[in-house]
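Supplied in structure tokens, the structure appears directly below.
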Amino acid sequence: MAERVKKIRVKQLQLGMFLVRFEGAWLSNPFWTSRFLLDNPADLAAARASGVKECWIDVSLGRDVAGPAPVLPAVRGTPHLVTNRQKTRQSLHAPLSMDDELRNAAKLCGTARHAIVAMFSQARLGKVVDLDVCAGLVDDIVGSVERHPGALISLARLKSDDDYTYMHSVAVCALMVALAKAMKLTEADVREAGLSGLLHDIGKAKIPLDILNKPGALDDEEFATVKRHPEHAYAALLHGGVSEQVRQACLHHHERMDGNGYPAGQSGQEIALLARMSAVCDVYDAVTSDRPYKRGWDPADALAKMISWKGHFDPKVLASFIEVVGIYPTGSLVRLKSARLAVVVEQNKHSYTRPVVRTFYCTASARALPPELLNLADAEDDCVSGPEERQGWPTALIEKLWAGKLAP
Ligand SMILES: [Fe+2]
């Protein structure tokens, strides 16, 4: 008697098949349950986009791979299906608290790091990038950014020396998603933007590690080697189903509006939109991150400097980016009218000058205060009087304050 239950590739799934379970789910099964009749095109698309490679089907309850579509048996009690996208929408309706989102983002950073390390290792060996894994990762990052843009963006800024390149990919992905949403791109283009951020530096897998991780300045020859990474990325992404739009973003993320960038010296609108967006997100994350040879800039200083670099960035894209990270970016220090110092922990969409902060120090009494979360949009008698110099305050303290009780 033929096997009732068989393992197939998720790519082979068709409407009319009865799913029993998914094999080797990456971040999560795309559905709350696996046992159901696949009779909805949206569920089929979600299964194919889930990043899961293989699944089990019951051919006595549904269609077989090669066989004709059977007359489907009535399946009682078919569970109610909830796809990842629906899960995301549900969570939007019931948003997580900032602290819960930070927990979620911390977990996501850990998972993403493993996935990106593997991706770089494969690229180093000349293997094709697994688009399913990348798409699953981008989906989860989109979900987190939709709920609390500041959580993942700020968390991914905190990098150790070892994982800089990997966490930079996560950070740029999250920034690209948030920027694409602020620029009102379509849902599909938001994901393309995220994927561009995730993959923009994949060409660095081809750069010798001693050059890539060299503490201090590179000599001319080393710099010329590093500058080839966009072309390496374009070549590495030739196969595997990555769109030309994403490949172009990776190839041109170091171009400048005035034509002084590389590799092609493109200028103005000649540079693809996703590449102009990548340029902003890439530089912002790079200059605000601590490196072995220099301390990261305060986010507010970084924005001020980026605005002052004429001819570097697309001004419209940069304006949208400022909308995303805020005038007082998450993670920056501010001084309040009440003479208290605070760390910005979250933006207020409707009032960029009144973020959510965590107060920790009184400059009038020169004393530390018990950390207190304060939403300045609700504080009638207090507001930001200006940015505060980050110098002198230990990074670890700021991170702890920003992350609240989550700090490890
Ligand atoms: Fe780059």
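Set the Förster distance to 30 Å, then compute FRET efficiency between R295 and N260 from the Cβ-Cβ distance, nearest 0.05. Please list the in-between numbers first.
Details: r = 27 Å, r/R0 = 0.90.
Between R295 and N260 the formula returns 0.65.
So how much accessible area does F18 have, in Å² to the nearest 10, using a 1.4 Å probe?
In the full protein context, F18 sits at about 10 Å².
What relative contact order, as a whole-number percentage, does the stretch 96-325 give when Cα pairs under 8 Å and 6 or more residues apart are counted?
Normalised by residue count, the contact order of the stretch 96-325 is 18 percent.
Right, next: If DNA, RNA and ligands are ignored and the probe is 1.4 Å, what is the ranking of E389, E146, E255 by accessible area, most exposed first?
From most accessible down to least: E389, E146, E255.
Order the following by accessible area, largest value first: I116, I211, I307. Probe radius 1.4 Å; ligands, DNA and RNA are ignored.
I307, I211, I116
Calculate, for V128 and E372, the FRET efficiency according to 1/(1 + (r/R0)^6) with r their C-beta to C-beta distance and R0 45 Å; round to the nearest 0.05.
Numbers: r = 51 Å, r/R0 = 1.12.
Calculated transfer efficiency: 0.35.
To the nearest 0.05, what FRET efficiency results for K337 and D163 with a Förster distance of 35 Å applied to their C-beta separation?
Efficiency computed from Cβ-Cβ geometry: 0.35.
Over the stretch 286-340, with a single point scatterer placed on each C-alpha, what log10 of the ratio I(q)/I(0) does the Debye formula yield at q = 0.15, 0.27 1/Å?
Ignoring solvent entirely, the Cα scatterers give -0.51, -1.11.
Next question. What spacing in nm lies between the two simple spin-label points modelled at T186 and L209, each 7 Å away from Cα in the Cβ direction?
With each label point 7 Å from Cα toward Cβ, the separation is 4.2 nm.
Given the C-alpha centroids of the stretch 232-298 and the stretch 163-178, what is the distance between them in whole angstrom?
The distance from the Cα centre of the stretch 232-298 to that of the stretch 163-178 comes to 12 Å.
Multiply the residue separation of H350 and A304 by 0.36 nm, subtract the distance between their alpha-carbon atoms, and state the gained length in nm to one decimal.
14.4 nm
Here's a follow-up. Let me make sure I get this right: for the stretch 246-383, a, b and c are the square roots of the gyration tensor eigenvalues over alpha carbons, sorted descending. Under 1.5 in a/c it's rounded, otherwise prolate if a/b > b/c, else oblate. Which is it? Mind showing how you got there, number by number?
Working: a/c = 3.18, a/b = 2.26, b/c = 1.40.
Since a/c reaches 1.5 and a/b is larger than b/c, the shape of the stretch 246-383 is classed as prolate.
Just add up the charged neighbours of I271: K/R +1, D/E -1, any other residue whose Cβ is under 9 Å from the Cβ of I271.
Counting the neighbours of I271, the net charge comes to -1.
Also, quick follow-up: Mind checking the full-extension length gain between R48 and E23? Use 0.36 nm per residue of separation minus the Cα-Cα distance, one decimal, nm.
The span from R48 to E23 would gain 7.7 nm if fully extended.
Compute the normalised compactness of the stretch 96-325: alpha-carbon radius of gyration over 2.2 N^0.38 Å, N being the residue count. Numbers along the way, then the final one.
Details: Rg = 16.2 Å, N = 230, 2.2 N^0.38 = 17.4 Å.
Computed over Cα atoms of the stretch 96-325, the ratio equals 0.93.
The values are calculated or read from the model by the stated rules, or taken from the named source; none is laboratory data. On a predicted model such as this, the values are computed, not experimentally measured, just so you know. Note: ideal-geometry Cβ built from the backbone for every residue, glycine included; neighbour counts use all protein chains shown. Surface accessibility is based on the protein's heavy atoms, side chains included, excluding ligands, DNA and RNA. Shrake-Rupley method; radii C 1.70, N 1.55, O 1.52, S 1.80 Å.
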